[in-house]
Amino acid sequence: MTHKGRVILHVDMNSFYASVEQAHDPSLKGKPIAIAGNPKERRGILVTCSYEARALGIYTTMTVHEAKRKCPELLLLPPDFQKYRQASKEMFTILRSYTPLVEPVSIDEGYLDVTELSKERHALSIAQEIQARILAELDLPCSIGIAPNKFLAKTASDMKKPMGITVLRIRDIEQQLWHREVVSMHGIGASTAKKLNAQGIFTIGDLAKTEEFKMKQILGKNGVRLRARANGVDQRMVDPEAIFDTKSVGNSTTLPEDVTDVRTLHKTIEGLCKKVVERLDAKRLAGSTVSIQIRDADWHNHTRSKTMSNVLYRYEEIYDIACTLFDKHWDESPVRLLGVTVSNVVDRKDYSQQLSIFDFQEHAKDEPILKLVDEMEGRFGKGIIKRGVDLGKRSSYQSQTSFSKDFLDDHEME
């Protein structure tokens, strides 16, 4: 692949959890299998499923009951998170043997900047070798996108699954992408697509050709960013540290059955808020925005949020806002899932706020502690003061309930 700019790969593992199970137990290969949070619970949800299951109409988020009715021969397995973490760690070890510029995105996907390596070797041969090694050494399939930037690399890796390798150049996007519905574009969900459709923007090509000022009117800065990406422009670098940049701390739970009892729902919100606060405390973070997610029995998502002038990290404050948001916006329809998130987070030692006479006394008692931490770390080194967990570790959590976050510990550099 002749190039003047960057060469980025996006490696995306295929049906990761199910593939790991098949690698550990070869007797499962070629069979329709699915991973479910609770395989015995009829209302349990499928986390993922093998390609054999997908060919029979099974898909992620389908209930166990629906899946078994549609495919009686479906094999249901409980998740083995430790097994998946180990496989992920080994996969990223292979990727880092090619370049230190590896940016994990989640447990089963990541970007590589192979610009320097591609001066010596053809980018396609690099991708082929990576794919072959992951299959030979881990017995796991993956798809790889090759492009001059992260957006196009991610888009390319989705184009051929499983075990595909796709090259996507900027000059190809008009033919390859512009005819697709805008909702299919990476970074655009159903809600955003609905807003765009209302403005007559139905395809990626429509988005690419819309004037920048109009996109800013419709979606703000994100609209300008999406328009640029529809035209193949994405200046983001592959950053090995980016995964540690915490922008929000949240927790959600799928209820074992559809719930309409407000006391049960409030109790669930209470538990979610406590877990969020544990994580905020573990990383010494605070945030100004509290959001709730409500998913009803028909899988419609409703998200509402409230932003405060001061940052929040205490349980009582977060719970009060979350419950108020829920009570105001819940239409009493059966609830399948609840989530609570605190976003726009900052390090508690770094934030500054305009304290009013009413909240000064509440926040002032924290100041001597934060000053002492700063002084001690200045004299003896960062991390000398511990609060339940090692502050020197960016991704440690007191609560180990969020598997999507736990795997970050595997990427801490020695």
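The values are calculated or read from the model by the stated rules, or taken from the named source; none is laboratory data. Keep in mind the model is a prediction, meaning the values are calculated, not measured. Here the Cβ is made from the backbone with ideal geometry for all residues, glycine too, and neighbour counts use every protein chain on show. To get the accessible areas, we keep the full protein, side chains included, count just its heavy atoms, and leave off ligands, DNA and RNA. Shrake-Rupley method; radii C 1.70, N 1.55, O 1.52, S 1.80 Å.
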In segment 334-364, what count of residues is obtained for those that are at pLDDT 50 or above and more than 24 Å from residue 284 (Cβ to Cβ)? 5
Can you list the strands (runs of 3 or more DSSP E) found entirely within segment 214-333 that contain at least 1 residues being at pLDDT 95 or above and open to solvent by less than 70 Å² (accessible area, probe 1.4 Å)? 285-296
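Checking the structure you have, find out if any residue of segment 69-83 is within 30 Å of residue 8 (Cβ to Cβ) and surrounded by 21 or more Cβ atoms within 10 Å (Cβ to Cβ).
No, because not a single residue in segment 69-83 is within 30 Å of residue 8 (Cβ to Cβ) and surrounded by 21 or more Cβ atoms within 10 Å (Cβ to Cβ).
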Would you check which residues across segment 126-180 are in contact with a Ser or Thr (Cβ under 7 Å, 6 or more places away or on another chain), farther than 30 Å from residue 206 by Cβ and open to solvent by less than 10 Å² (accessible area, probe 1.4 Å) and list them? 126, 140
For segment 89-118, pairs from a residue that is open to solvent by 30 Å² or more (accessible area, probe 1.4 Å) to a residue that is assigned to a helix (DSSP H, G or I) and of a type in the set (A, V, I, L, M), with Cβ under 6 Å and 6 or more apart or across chains, are 90/138
Being open to solvent by less than 80 Å² (accessible area, probe 1.4 Å) and more than 16 Å from residue 151 (Cα to Cα) is the filter here; which residues of segment 199-211 pass it? 200, 201, 203, 206, 210
If residue 145 meets every condition in (1) assigned to a helix (DSSP H, G or I); (2) under 28 Å from residue 94 (Cα atoms); (3) in contact with a helix residue (DSSP H, G or I) (Cβ under 6 Å, 6 or more places away or on another chain) apart from one, which number is that one? (1)
